[in-house]
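Before any comments, here is the structure.
The values are calculated or read from the model by the stated rules, or taken from the named source; none is laboratory data. Worth saying up front: this structure is predicted, and the values here are computed from it rather than measured. All Cβ positions, even for glycine, are placed from backbone atoms using ideal geometry, and neighbour counts span all protein chains on display.
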Amino acid sequence: MNGWKLGYVCYESLQPSKSLKPEDYNLTAFLLLHLMGKDKLKKWAENKLFPHVFEPPLLPIIRGEQEFFMKGKWRSDFFRNDFPIVLELGCGKGEYTVELAKRESGKNFIGIDVKGHRFHKGAKEALQEGLNNVAFLRTRIEFISSFFGENEVDELWITFCDPQPQDHEGKRRITSRWYIEKYRTFLKKPSYIFLKHDNESVYRKALSEWPEAGINIGIHSNDVYGNFLSSQSEELKDMLTIRTYYEQMWLDEGRKIKYIEGILR
């Protein structure tokens, strides 16, 4: 969509009763994009001040000039305890990371996403709430083995990641076997991998691919908010009823939420 069309769509959505001339569209688009850009810049700047947000340069790792960052040191150098470490991959706004940390003070939680302006919300809330068992890491998941050492991580949560429907090789869908092999390098055995998603294809592919990757499928459901929760423990109910921004959006559209509990052996 070019600038004037974007200006038309955005402006008309904000001012539906006012008609615009075509020459107004470019200015409207510019102003809206400028405001959105300033908001991102503000969040990026604040992230740099947060003591629990890590944004290591990725280019040296991609080029092979640097092998790792904080690898094997998360407990000793940041959390300063021996509690289990739980990762949320593709954490978005960080809601699950923060809410789980509130519920389980005896575990350390790290939300990981490539978009720092998104998890800024969770990072800020964790700071305001005084949660010392939360961190956020900005990086691309395909390089995750550069950040965590052998047996350093105890559990994984994957919540509403990009389904990547055209990714037939599995090199962009972070629930694929290709990614599971990366996770295996730092996960303890046995360890839990939890998947919560709205996409039927992601759910079905995980059910078929995970056993081939050495993951035992435990409880699972293609409709979490149907009859499934009524037969589960109070602890699991509490964890699964955490709703992220995107989950609520999918529920409002009438989509069913899926869940898989896998055990990596």
Return the only residue of Leu6, Leu20, Leu32 being in a loop (DSSP other than H, G, I, E, B), surrounded by 15 or more Cβ atoms within 10 Å (Cβ to Cβ) and modelled with pLDDT under 90.
-> Leu20
Only one of Phe147, Phe143, Phe136 that is touching a Cys at 6+ places or on another chain (Cβ under 8 Å), closer than 16 Å to Ile110 by Cβ and not polar (S, T, N, Q) | Phe136
Pro211: passes all of (1) part of a helix (DSSP H, G or I); (2) surrounded by fewer than 17 Cβ atoms within 10 Å (Cβ to Cβ); (3) touching a residue at least 60 places away in the same chain (Cβ under 8 Å) but (3)
Provide a single number: the residues in the range 61-103 that are at pLDDT 95 or above, surrounded by fewer than 18 Cβ atoms within 10 Å (Cβ to Cβ) and more than 20 Å from Ile174 (Cβ to Cβ).
-> 13
Using beta carbons and a limit of 6 Å, which pairs, at least six apart or on different chains, have the first residue in the range 238-263 and assigned to a strand (DSSP E or B) and the second one of a type in the set (A, V, I, L, M)?
-> Tyr259/Val224; Ile260/Leu195; Ile260/Ala206; Glu261/Ile219; Gly262/Ile193; Gly262/Ile215; Gly262/Ile217
Collect the residues in the range 239-265 that are loosely packed, with under 14 Cβ neighbours inside 10 Å and charged (D, E, K, R), keeping them in residue-number order.
-> Asp252, Glu253, Arg265
Picking from Tyr183, Tyr192, which residue would you name as being under 23 Å from Tyr246 (Cβ atoms) and surrounded by fewer than 21 Cβ atoms within 10 Å (Cβ to Cβ)?
-> Tyr192
If we keep just the residues of the range 76-98 that are assigned to a helix (DSSP H, G or I) and among the β-branched types (Val, Ile, Thr), which is nearest to His197 (Cα to Cα)?
-> Thr97
